[in-house]
Amino acid sequence: MDRKIRVLVAKPGLDGHDRGAKVVARALRDAGMEVIYTGLRQTPEQIVSAAIQEDVDCVALSILSGAHNHLFPKVVDLLKEKGADDVLVVGGGVIPDEDIPGLVAKGVAAVFTPGTPTTKTAEYIRENIKRK
Amino acid sequence: MSQSDRAEKVRHLVDGAVAGDVRSVSRLISLVENEASGYEEAYSMFYGRTGKAKVIGITGPPGGGKSTLVDKLASKLRQLGNRVGVIAVDPTSPFTGGAVLGDRVRMQRHNADPGVFIRSMGTRGHLGGLSRGTAAAVDVLDAAGYDYVLVETVGVGQSEIEISSLSDLVVLLNVPGLGDEIQIIKAGIMEIGDVFVVNKMDRPGADRTKAELEYALDLGHELPRRPKVLMTNAETSEGVAELVAEIDDYYGWLRDSGILEKRRAKHAELVVTRMLADRLMKRLGSEGEDGELAGELYVCVSRRLLTPYEAAERIFKRIIEKGAI
C-alpha cells in the first residue's frame with residue numbers, strides 16, 4: 001500500500017481569513033493527501049505540537065497579516081528544536097516577492113503566492129517531502 | 001535496512017513511546033496504522049503494556065457536536081488529573097483517497113498541553129465509522145500511559161456500530177430535530193449506547209428528544225443497568241462535568257459486574273478473527289496459480305456457473321489442502 005502523504009494546513013497569526021487555506025486543503029485532498037486542518041489563530045508552538053502529534057510530512061502555512069517574516073521561520077525553528085526537521089515547511093498567502101528569498105534562507109522550502117494553481121502546490125509537496 | 005537495524009529502530013520507537021515521548025508515540029501510530037515494515041514486532045513489544053486505559057467511544061450524527069464534546073471532555077478529564085489521548089476519525093474520499101481531517105479545529109486549546117495527545121485519522125476505505133488502524137492507534141496510546149483514550153467516530157447514521165467493538169464504553173450523542181421516536185426505537189446504533197447525550201440542549205426540541213430517548217430505554221435495553229440520558233451544551237460546557245461523572249460511574253459498574261472483561265474478550269475475538277480473515281485474503285491475493293484459481297472462480301460466479309457459497313468452499317478447501325496459510 002502506498003503510504004499516504006499527510007499535510008497540516010495551519011493559519012498562524014491573527015488574521016481571520018482562511019478561504020485560501022481551505023481551498024488549498026481541499027485541493028490537497030483531491031490530490032489524494034490526508035489534510036489535517038487546524039483552524040485559525042494558531043501560535044507557532046501550537047502548530048508544531050499538532051504537526052508532531054499528527055506525524056505529518058509537510059506543514060503548509062497560510063498568512064495574510066504580514067507577520068510571515070516572523071512566524072514562518074519560527075515554525076521552522078521549533079520543528080528543528082523538537083527534532084522534526086524532516087518535515088517540509090511551505091508557505092502561502094499575501095507575501096511580497098522581496099520577502100521570499102529571506103524566508104527560503106530561513107528554511108521555508110517554498111512560498112506560493114496568490115494565483116498559484118493549487119495543482120502546482122500539490123505537485124511540489126509530493127515531489128519534495130523529505131521522508132519517503 | 002537489515003533486519004537487526006530494523007528491529008533496533010522499532011525497539012527505539014517503542015521504548016520512546018512507552019516513556020511518553022510524543023514524537024515516538026506519533027511515529028509508532030503511523031507505523032501500526034500503515035502496517036509498515038516492523039509493525040508486528042512493535043506490537044509484540046508494547047502489547048503487554050496495554051489494557052490500562054479507559055477507552056471511551058463517542059459517536060453520533062455529523063454536525064452533532066462530537067468534536068466539541070470531545071474537546072470539553074478532554075478539558076474536564078485533564079482538570080481531574082488524567083492524561084488524555086484522542087483519536088478523531090473523519091471520512092476518506094472514495095475517489096481520490098484524500099481526506100480533510102478537521103476535528104482538531106475544535107480541539108485547538110489542547111495543542112500546547114503535553115497531557116493531551118490528539119491524532120486525526122482518515123477512514124481509508126473502511127466502513128463502520130472507524131478506520132482499519134484505529135484499534136492499533138488506541139493500543140499505542142494505551143501503552144504510552146494515557147489514562148483515557150477518547151475515540152471519535154465519523155458522523156454516523158443508523159448502523160455504523162463498529163465503535164462498540166473497540167470501546168470499553170460508548171457515549172451516543174444525539175441532537176434535537178433529527179426525527180421522531182420511530183427513529184429512536186429502530187435497531188442498530190441506538191442499541192450500543194452506555195451513556196446517552198442530547199447535545200445542543202439549548203435548541204428547541206431538546207427536552208422532547210430526551211423524553212423520547214428515555215421512553216425508548218424504558219421499553220428495554222441491552223445491559224442490566226439502564227443507560228442514562230444526559231443533556232449537554234458542549235459549546236458552553238454545560239452538563240460536561242455531569243457527563244464525565246456518569247461515564248466514570250458506568251465504567252465502574254461495567255468493571256465490577258464483569259461485563260467489561262467480557263466485552264474485552266469479545267473485542268479480542270473480533271480482532272483475531274479479522275486478522276485471520278486478512279491472512280486468508282492475502283494468501284488468496286497472491287499471484288500464481290492460487291490467484292488464478294480464485295480469479296476463475298469469481299468469473300464462474302459472475303456467469304452463474306457456481307453459487308458464491310460453492311466458490312468460497314472451493315477456495316477454502318484449496319487453502320486447507322495446501323496446509324500453511
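The values are calculated or read from the model by the stated rules, or taken from the named source; none is laboratory data. Being a predicted model, the structure only gives us computed values, none of them experimental. Positions of Cβ are backbone-derived with ideal geometry, glycine not excepted, and every protein chain shown enters the neighbour counts.
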| Are any of the residues in the stretch A:61-69 within 21 Å of B:VAL105 (Cβ to Cβ) and within 11 Å of chain B (Cβ to nearest Cβ)? | no
Apart from one, (1) surrounded by fewer than 18 Cβ atoms within 10 Å (Cβ to Cβ); (2) within 14 Å of the chain's Cα centre (by Cα) all hold for A:ASP15; the odd one out is (2)
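The rows are residues; the columns are (1) surrounded by 20 or more Cβ atoms within 10 Å (Cβ to Cβ); (2) not small (Gly, Ala, Ser).
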| residue | (1), (2) |
| --- | --- |
| A:GLY32 | no, no |
| A:THR38 | yes, yes |
| A:THR43 | no, yes |
| A:VAL59 | yes, yes |
| A:GLU81 | no, yes |
| A:ALA110 | no, no |
| A:THR116 | no, yes |
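Quick grid of which residues meet (1) in contact with a helix residue (DSSP H, G or I) (Cβ under 6 Å, 6 or more places away or on another chain); (2) within 19 Å of A:GLY39 (Cα to Cα):
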{"site": "B:LEU31", "(1), (2)": "yes, no"}
{"site": "B:GLU41", "(1), (2)": "yes, no"}
{"site": "B:PRO62", "(1), (2)": "no, yes"}
{"site": "B:LYS76", "(1), (2)": "yes, no"}
{"site": "B:ILE87", "(1), (2)": "yes, yes"}
{"site": "B:VAL100", "(1), (2)": "yes, yes"}
{"site": "B:ARG109", "(1), (2)": "no, yes"}
{"site": "B:THR123", "(1), (2)": "no, no"}
Scanning the stretch B:243-265 for residues that are of a type in the set (D, E, K, R) and touching a residue at least 40 places away in the same chain (Cβ under 8 Å), the one surrounded by the fewest Cβ atoms within 10 Å (Cβ to Cβ) turns out to be B:ARG264
Of B:VAL105, B:VAL55, B:VAL10, the only residue that is within 14 Å of chain A (Cβ to nearest Cβ) and surrounded by 15 or more Cβ atoms within 10 Å (Cβ to Cβ) is B:VAL105
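Taking A:ALA27 as the residue in question, decide whether it is surrounded by fewer than 20 Cβ atoms within 10 Å (Cβ to Cβ) and in contact with a Gly (Cβ under 6 Å, 6 or more places away or on another chain).
no
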Those residues of the stretch B:112-129 that are surrounded by fewer than 22 Cβ atoms within 10 Å (Cβ to Cβ), under 22 Å from B:TYR146 (Cβ atoms) and facing chain A (nearest Cβ under 9 Å) come to a total of 3
Going by what's in this entry, would B:GLY81 be described as more than 18 Å from B:GLU152 (Cα to Cα), in the same structural domain as B:LEU141 (by TED's automatic domain parsing) and surrounded by fewer than 20 Cβ atoms within 10 Å (Cβ to Cβ)?
yes
If we keep only residues of the stretch B:28-42 that are in a helix (DSSP H, G or I) and surrounded by fewer than 20 Cβ atoms within 10 Å (Cβ to Cβ), then the residue farthest from the other protein chains (Cβ to nearest Cβ) is B:GLU41
Scanning the stretch A:61-79 residue by residue, those buried (at least 24 other Cβ atoms within 10 Å of the Cβ), in contact with an Asp or Glu (Cβ under 8 Å, 6 or more places away or on another chain) and more than 19 Å from A:ARG19 (Cα to Cα) turn out to be none
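Criterion first (of a type in the set (Gly, Ala, Ser) and touching a residue at least 60 places away in the same chain (Cβ under 8 Å)) does B:GLY97 satisfy it? Spell out the reasoning first.
On the way: of a type in the set (Gly, Ala, Ser): yes; touching a residue at least 60 places away in the same chain (Cβ under 8 Å): no.
No: the conditions fail for B:GLY97.
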Residue count, the stretch B:208-240, condition of a type in the set (Val, Ile, Thr) and surrounded by fewer than 20 Cβ atoms within 10 Å (Cβ to Cβ), comes to 1
Scanning the stretch B:86-97 for residues that are within 9 Å of chain A (Cβ to nearest Cβ) and out of contact with any strand residue (DSSP E or B) (no Cβ under 7 Å at 6 or more places or on another chain), the one surrounded by the fewest Cβ atoms within 10 Å (Cβ to Cβ) turns out to be B:PHE95
Here the qualifying pairs (Cβ atoms under 8 Å; residues six or more apart or on different chains; first in the stretch B:296-320 and farther than 23 Å from B:ARG279 by Cα; second in a helix (DSSP H, G or I) and of a type outside the set (Val, Ile, Thr)) come out as B:CYS300/B:ALA311; B:LEU306/B:LEU297; B:LEU306/B:CYS300; B:LEU306/B:ARG314
When the stretch B:74-117 is checked residue by residue, the ones that are assigned to a strand (DSSP E or B) and not aromatic (Phe, Trp, Tyr) are B:VAL84, B:GLY85, B:VAL86, B:ILE87, B:ALA88, B:VAL89, B:ASP90, B:ALA99, B:VAL100, B:LEU101, B:VAL116
Within the stretch B:150-175, the residues that are farther than 20 Å from B:ASN34 by Cα and modelled with pLDDT of 90 or more are B:LEU150, B:SER167, B:ASP168, B:LEU169, B:VAL170, B:VAL171, B:LEU172, B:LEU173, B:ASN174, B:VAL175
Note: among A:VAL108, A:VAL104, A:VAL48, just one is out of contact with any helix residue (DSSP H, G or I) (no Cβ under 8 Å at 6 or more places or on another chain) and among the aliphatic types (A, V, I, L, M), namely A:VAL104
If we keep only residues of the stretch A:5-55 that are touching a strand residue (DSSP E or B) at 6+ places or on another chain (Cβ under 7 Å), at the interface with chain B (Cβ under 7 Å from one of its Cβ atoms) and assigned to a loop (DSSP other than H, G, I, E, B), then the residue farthest from B:VAL22 (Cα to Cα) is A:MET33
